[in-house]
1. Given [x] 1.33; [y] 1.59; [z] 1.10 as candidate values of Cα Rg over 2.2 N^0.38 Å, which corresponds to the one derived from the coordinates?
2. Most exposed first by the Cβ proxy, i.e. fewest other Cβ within 10 Å, how do Tyr21, Tyr5 rank?
3. Give me the lysines in straight-line cross-link reach of Lys11: C-alpha distance below 22 Å, same-chain residues under 8 apart excluded.
4. Applying the Karplus parametrisation 6.51 cos²θ - 1.76 cosθ + 1.60 with θ = phi - 60° to the phi angles of the stretch 100-106, what ³J(HN,Hα) value in whole Hz is obtained for each residue in order, glycine and proline being reported as x?
Amino acid sequence: MSKIYSFDLDKGIDWSIDCEYKNENCTVIDITDATFNGKIRQTNYIGSIVGTFTITITDGVNGRFRVSLNSNETTALPSGANYYDVEMVLNSKTIRMFEGIINCRAEVTY
């Protein structure tokens, strides 16, 4: 079961979060050969995709990866609540890593 993480995001900024994948015993898992996908939608699980995360493995052996959006991508997100999830494919298994709501706050200075 995926974890639920919701957060606020200011439009027009570069945003990223560093993550570490561990099993239920808190042992890091090697994700060197993993692939990732993460999408953002304005409505929960339906409707058009309004954003796509860039996901990079930063230290595969130690299960570390970064999820990010650049300033152009955050500017393009609709203000208000948006829904997202991040999935990983490892050893032919798809795992939903985490999901939640991104509350996008409008930018005044642009």
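1. [z]
2. In order of increasing Cβ crowding within 10 Å: Tyr5, Tyr21.
3. Lys39
4. Whole-Hz 3J(HN,Hα) from phi for the stretch 100-106: x, 10, 9, 8, 8, 9, 4.
Read the figures in this text as sums done on the coordinates, not as results from a lab. What you are looking at is a predicted structure, and each value in this text was computed from that prediction instead of being measured. FYI the Cβ positions are ideal-geometry reconstructions off the backbone, even for glycines, and counts take in every protein chain you see.
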